[in-house]
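Student: Below is the structure I would like to discuss, written out as C-alpha cells.
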Amino acid sequence: MNGPRNEAIADQVAHHPFFAGLDPVLVYEMVAKAEERSYDLGEMLVREGRPAEEFFLVLDGKVALEVGAADREVITVETIGRGELLGWSWLVPPYRWRFDARATKPTQVIAINAATARYALAAHPAFAYQFLLKFLPVIAERLENTRVQLLDIHGV
Amino acid sequence: MASNVHVHGGHRAGVETAVEHPYAPRPYVVRQNIQETPDTFTLRLDPRLPGDRLAFQGGQFNMVYLFGVGESAISISGDPTRPEELVHTVRAVGKITNALAGLKPGATVGIRGPYGHGWPLDSARGRDIVVVAGGLGLPPLRPTIYEIFRRRAEFGRVEIIYGARTPKDLVFAEEVRDWITRREMRIQTTVDAAGRDWYGDVGVVTTRLPDCRFDPAKTTAFVCGPEIMMKLTAQALAQRGVPPESIWISMERNMKCALGFCGHCQFGPSFVCRDGPCLPYKALAPLLAVKEV
C-alpha cells in the first residue's frame, strides 16, 4: 500500500511510544510498507514455523500467543494487548515464527513488513542500535515474565 | 475458667462474657463447605455460642483449630459488616487444611482471633487504590474489596488485578464477574497459562500494571499472594512511582501462638502475627531481597 494512506500509517507508527526518540525519517523508511489490518475473534495472525515476514503493533483488541504439540492441547502462554508489540522472530534468523498468534477479541494491528524493516536497520547501523535498545527491554521483560511463569508461583 | 484468665480486649465485640484464656478457642459450627477450586474451599461458620460475633478488619487472620488434629492460621475472607458469620477460604495443602477440607455441615471447629493488623484502608481515603491479588491472595483482600465497594465515594480510581495459575484456579470466579459488571472499579483477571476456552489475559500480574490508570504519588496499593509475586509487584509499583510506604503487602509465616510470644513467625525485626500480616513494603523491601529469611 502506498500514497497518503501509507504515510498516515507510518506517521501513526512514528508517534507510537515504542518508536519515540528514534529518528522519524528512518522510522518512516523502516515502516514504509506497513499496513493496517483487522482480525476477527479466533482468526490467526501468525502460525508457528511459517516465515516471519512482518511484526505487529497492536492498536486494539487482544492476541493470544499459543504453543501446542500433537500430543497435548494448545496452551496460551501470553496475551498481547493494545499498544504492545507482537513478534521478534522477524529479527532473528531463520526468521520463522516460534508460536501461533490468535485474536481472542476483534483486533486491529499495524503490520510492519519485516524485509523492509531489516533492510533499513542494516543500512543504518546507528539507528539499528537505537532501535535494538528499545526492542531488547521488551524481550527482556517478556523473558523475565516467562521465568516467573515457569516458577509456577501459584502452585503448591 | 482457670485463675490465669484475662479479658481478651478489643477483638471480641458483642461478647460480654469474654473472660477467657488467650489460647482458648471459641466453638464455631460449619454451616457450609464450598468447593471453590480443585484444592480450595470456603468454610462458612456460625458461632456455637448465641450472640457471639467476631468483629474483624480485612487482612486479619484467625487461628482455626480442628480438635485432635491441630491449629492453622487462616485469613478471614468474609464481609466485615457481617461479624455474625465467619468465612475462611483455605487451600488444602497439609495435615490440618486437608482435614478441614473434609468437614461437613454441623462439624465444630475452634477459633482464636482475629489477630494482627489488616489492610489500612483509612489511609487510602482520597487516594487511588491498586489491589493486586495472586492465587489465594484474593481471600485476604476480599473483605477490604467489600469495604471499598461500600465506601466507593471516598476513593479515587480503583484498579484490581487478580492472577492465578489457570482459569480453574480462580477463586470466587462468579463473584469477580459480578464485580466487573458493577463497573465501580476496574478489574483485570489474568492467568499463567490457559486453553482456548479462556478469552481473558494470560501472563503474570505485573503485565497488567501498565494498563492501570492511577496517580502513582497519590496511590495506596494492597498486594497479597505468593511472596515472589508480592516482591515483583511491589517493585513494579515502586518503579511506576508509588511511594514504598504506600505499598502494603501481607506476609505469611509459620504462625503458632499468634500473640507475638513464640517467635515462630519472626521475619527480621517483626513478628508477622503481631506486627503484620499487612506490612508496608518500605519496611520489608530489604528483607525480601534476602534469601531464606
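The values are calculated or read from the model by the stated rules, or taken from the named source; none is laboratory data. This is a predicted model, so every value here is computed, not measured. As a convention, Cβ positions derive from the backbone with ideal geometry for all residues, glycine included, and neighbour counts pool all protein chains shown.
Student: Looking only at residues that are crowded, with 19+ Cβ neighbours inside 10 Å and under 22 Å from residue A:32 (Cβ atoms) in region A:86-112, which one is nearest to the other protein chains (Cβ to nearest Cβ)?
Tutor: A:86
Student: Here are some residues: B:147, B:184. Which one is part of a loop (DSSP other than H, G, I, E, B) and in contact with a Phe, Trp or Tyr (Cβ under 9 Å, 6 or more places away or on another chain)?
Tutor: Numbers: B:147 fails: part of a loop (DSSP other than H, G, I, E, B).
The conditions single out B:184.
Student: Looking at region B:179-231, which of its residues are surrounded by fewer than 17 Cβ atoms within 10 Å (Cβ to Cβ), closer than 23 Å to residue B:249 by Cα, of a type in the set (A, V, I, L, M) and more than 7 Å from chain A (Cβ to nearest Cβ)?
Tutor: Passing the criteria: only B:217.
Student: Identify all residues within region B:153-178 that are in a helix (DSSP H, G or I) and within 14 Å of another protein chain (Cβ to nearest Cβ); write none if there are none.
Tutor: Across region B:153-178, the qualifying residues are B:167, B:168, B:169.
Student: Among residues belonging to region A:48-80 that are at the interface with another protein chain (Cβ under 7 Å from one of its Cβ atoms) and of a type outside the set (Asp, Glu), point out the one that is surrounded by the fewest Cβ atoms within 10 Å (Cβ to Cβ).
Tutor: A:74
Student: Also: Could you name every one of the strands (runs of 3 or more DSSP E) located completely within region A:1-72 that has at least 2 residues being of a type in the set (Ser, Thr, Tyr) and touching a residue at least 40 places away in the same chain (Cβ under 8 Å)? Give the derivation first.
Tutor: Values: elements: A:35-39, A:44-46, A:54-60, A:62-69.
Counting at least 2 such residues, we get A:35-39.
Student: What number of residues in region B:21-71 are surrounded by fewer than 18 Cβ atoms within 10 Å (Cβ to Cβ), more than 24 Å from residue B:224 (Cα to Cα), among the aliphatic types (A, V, I, L, M) and at pLDDT 95 or above?
Tutor: Within region B:21-71, residues that are surrounded by fewer than 18 Cβ atoms within 10 Å (Cβ to Cβ), more than 24 Å from residue B:224 (Cα to Cα), among the aliphatic types (A, V, I, L, M) and at pLDDT 95 or above number 3.
Student: Which one of these is touching a His at 6+ places or on another chain (Cβ under 8 Å), buried (at least 17 other Cβ atoms within 10 Å of the Cβ) and over 30 Å from residue B:259 (Cβ atoms): B:113, B:163?
Tutor: One residue alone meets the criteria, B:163.
Student: Would you confirm, using the coordinates I've provided, whether residue A:117 is buried (at least 19 other Cβ atoms within 10 Å of the Cβ) and within 14 Å of chain B (Cβ to nearest Cβ)?
Tutor: When the stated conditions are applied, residue A:117 does not pass them.
Student: Filter region B:56-87 down to the residues that are among the acidic types (Asp, Glu) and assigned to a loop (DSSP other than H, G, I, E, B), then identify the one that is nearest to residue B:133 (Cα to Cα).
Tutor: Taking the candidates together, the pick is B:79.
Student: For region B:252-293, which positions are surrounded by fewer than 16 Cβ atoms within 10 Å (Cβ to Cβ) and of a type in the set (Val, Ile, Thr)?
Tutor: Listed by number, the residues that qualify are B:290, B:293.
Student: Shifting gears a bit: Determine whether residue B:278 is touching a His at 6+ places or on another chain (Cβ under 6 Å), of a type in the set (A, V, I, L, M, F, W, C) and more than 14 Å from every other protein chain (Cβ to nearest Cβ).
Tutor: yes
Student: Within the set of pairs 6 or more residues apart or between chains, which connect a residue that is more than 9 Å from chain B (Cβ to nearest Cβ) and surrounded by 15 or more Cβ atoms within 10 Å (Cβ to Cβ) inside region A:134-156 to a residue that is in a helix (DSSP H, G or I) and not charged (D, E, K, R) with Cβ atoms less than 8 Å apart?
Tutor: Qualifying pairs under 8 Å: A:134/A:18; A:134/A:19; A:135/A:91.
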